[in-house]
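Undergrad: Mind looking over this structure? Questions follow.
Bear in mind that the values in this text are calculations on the coordinates, not laboratory data. Just so we're clear, the structure is a prediction, and the values are computed from it rather than from any experiment. Using ideal geometry, Cβ is built from the backbone for each residue, glycine included, and neighbour counts are taken over all protein chains shown.
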Amino acid sequence: MAEIYQANDVVRPIDVFDIRDLKKEAGQVIPKGGFGYIVGGAGDGWTLRQNTEAFNHKQLAPRVLADLEKPDPSTSILGTDIRLPAIMAPVAAQGLAHVSAESGTARGVAQSGTIMAVSTYAGQTIAEITKAGDGAPQWFQLYPSKNEKFNRWVLDQAMESGMKAIILTGDATVGGNREADIRNHFTFPLKMANLEKFGGGEGQSMSEIYAQGLQKIAPETVEKVAKLTGLPVIVKGIQTPMDAMLAIGSGASAVYVSNHGGRQLDGGPASFDVLQSIAEAVDGRVPVIFDSGIRRGQHIFKALASGADVVGIGRPAIYGLAVGGWQGVKSVFDFFYRELTMVMQLAGTKTVEEIKKTRLLDLPYGILPDLPLETEQVIR
């Protein structure tokens, strides 16, 4: 008889000081196989580690005569106002972390005043997750399938549930070499609600699930999803300026810079290291969303200063879910809100738009790029 998978069911606010500590707490309540799936990366984990370490390739310039107080981190993305420039990134199978699964995350994200992204591989139905969000904005992440009937069915579910946009994930045409899952002989112990109707999910490995996915994802795929849904389509997994241009040329309403949290192609660059070149190529044509490796408010600031409009929070929110349910998720977003506003104050920026105009320091340490300061700004 298969062992029953038992996730945590505690719901409480949590103290968040350091996401690394929160990860350890989550590891104490998430069963081994589930925890390995959540935290693991591809191959040697080099890209996974670089995602966070790369933020040290740029530094912040402290400002002391900026004449401001009470920074405002609110912003908007694709017509939706949000409390801070961070959304919930799409994460599969959240029931591995907590019994409330995606419904818990949706409630916590809604209470945080931002957007929830819902994965095709969620453990609950789209309708259940949107109900838990209680009217808060949500986006649906599509893993396109070889089965066209499935694609149409799941997109219909997304539209009927009031999703505001579709995230088309393009970097998962095959499963990455996720060694933790292989070593743990991990298969999904819980259902994936959207796959049940088509005979998939529970009892399968991630590679088996990805094998059902569409491998030939082309610019025409973007056009097709946009036509089927009439919703903004966001192309996720962009890591080169060329792909950003292809996405925009195909009608994408936003590009999503991400390497899937280091879970797909090990040896590829950190997302932060390619962000600026992609943002410069996009040049404001569409919004730029960014994720992979964010663990501090400083990281959010640096991403925005490098061309992102908003960032996605993935694993940290799942750690919060594991430890405290929906209240733990809210605690994580509150942590990022506090840290970001602190950094904004110390870096002399009042708004998100001012963050975007900030020039970061380049290596070697302490070397400023050419800054367009007018003489009267310095000498009065």
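Undergrad: So, Pro144, is that one of a type outside the set (A, V, I, L, M), more than 17 Å from the chain's Cα centre (by Cα) and more than 21 Å from Lys236 (Cα to Cα) or not?
TA: Criteria not met by Pro144.
Undergrad: List the strands (runs of 3 or more DSSP E) that sit entirely inside the range 50-99 and contain at least 2 residues that are at positive phi, in contact with a strand residue (DSSP E or B) (Cβ under 8 Å, 6 or more places away or on another chain) and not basic (Lys, Arg). Talk me through it step by step, then tell me what you get.
TA: On the way: elements: 75-77, 80-82, 86-88.
Answer list for the range 50-99: none.
Undergrad: Closer than 29 Å to Asn177 by Cβ and among the basic types (Lys, Arg): which single residue out of Lys24, Lys58 fits that description?
TA: On the way: Lys58 fails: closer than 29 Å to Asn177 by Cβ.
Result: Lys24 is the single residue among Lys24, Lys58 that is closer than 29 Å to Asn177 by Cβ and among the basic types (Lys, Arg).
Undergrad: A further question on this structure: Filter the range 1-36 for residues that are outside any loop (DSSP other than H, G, I, E, B) and touching a helix residue (DSSP H, G or I) at 6+ places or on another chain (Cβ under 7 Å) and give the result.
TA: Going through the range 1-36, the residues outside any loop (DSSP other than H, G, I, E, B) turn out to be 8, 19-29, 32-36.
Asn8, Ile19, Leu22, Lys23, Glu25, Ala26, Gly27, Val29, Gly34, Phe35, Gly36 - these are the residues of the range 1-36 that are outside any loop (DSSP other than H, G, I, E, B) and touching a helix residue (DSSP H, G or I) at 6+ places or on another chain (Cβ under 7 Å).
Undergrad: Can you tell me which residues in the range 191-225 are surrounded by fewer than 17 Cβ atoms within 10 Å (Cβ to Cβ), more than 16 Å from Gln264 (Cα to Cα) and aliphatic (A, V, I, L, M)?
TA: Correct list: Ala218 only.
Undergrad: Filter the range 262-293 down to the residues that are in a loop (DSSP other than H, G, I, E, B) and hydrophobic (A, V, I, L, M, F, W, C), then identify the one that is nearest to Lys350 (Cα to Cα).
TA: Taking the range 262-293 as the starting set, the residues that turn out to be in a loop (DSSP other than H, G, I, E, B) are 263-270, 283-287, 291-293.
Retained after the next criterion (residues that are hydrophobic (A, V, I, L, M, F, W, C)): 265, 270, 286.
Numbers: Leu265: 38, Ala270: 28, Val286: 23 Å.
Here the residue is Val286.
Undergrad: Examine the range 142-157 for a residue that is surrounded by 20 or more Cβ atoms within 10 Å (Cβ to Cβ), under 27 Å from Tyr5 (Cα atoms) and of a type outside the set (A, V, I, L, M), and state whether such a residue exists.
TA: Yes: one or more hits.
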